[in-house]
Amino acid sequence: MLDLVSSWGEPDTSPHLHADQCWALRRGRAYAYGISEIDFSCEHVGTEDHPYFCLPIIAHGDTIGLLHIAFPSLLAVRDKSDEIAKGLAPSFEMAQICAEQISLAAAKVRLQAELQDKSVKDALTGLCPMPRSSISEKRCRRAPSARTSRLSKKARTSSF
């Protein structure tokens, strides 16, 4: 289930969305309504008959969001669907590019968080080791006297 997080203008969708209510989420790819002769409207849009795009945001195979772009000023008039399709085709391509970029950014953030978590926690126990600065200070205390002054200077300069 997806929850509405942000919207611009007057949202024409419900605040909660199940995957079976949207054709884009069902199919796992972008869906455009109102630009071809045969269209199936998404359940989350309601009864308004205007063109819209639904673009799933997918990161690492998981659907994490939906980009829904509506054109309420254009009515989906069936006898002018060719004109509407020609006019909205560049917008649909740009929306797909934006959705892909958002997906990549979300995947990058998720991967960075996972890698950060793995680099800080012990893989075997899942516990966090002592902070690096305290480890280097303890090593300096145990080091021979000839290396102590040099290591403690490094420890002090790295702590800034």
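Looking only at residues that are under 24 Å from the mean Cα position of the chain (by Cα) and of a type in the set (Lys, Arg) in the stretch 104-146, which one is modelled with the lowest pLDDT? The qualifying residue modelled with the lowest pLDDT is LYS118.
Within the stretch 61-78, restricting attention to residues that are small (Gly, Ala, Ser) and in contact with a strand residue (DSSP E or B) (Cβ under 7 Å, 6 or more places away or on another chain), the residue that is modelled with the highest pLDDT is GLY65.
For the stretch 33-57, the tally of residues that are modelled with pLDDT of 90 or more and among the hydrophobic types (A, V, I, L, M, F, W, C) stands at 4.
Of all residues in the stretch 15-46, exactly one satisfies the criterion of being in contact with a helix residue (DSSP H, G or I) (Cβ under 8 Å, 6 or more places away or on another chain) and among the polar types (S, T, N, Q), namely SER36.
The values are calculated or read from the model by the stated rules, or taken from the named source; none is laboratory data. Remember, predicted model here, so these are calculated numbers, not experimental data. Backbone-built Cβ (ideal geometry, glycine too); neighbour counts: all protein chains shown.
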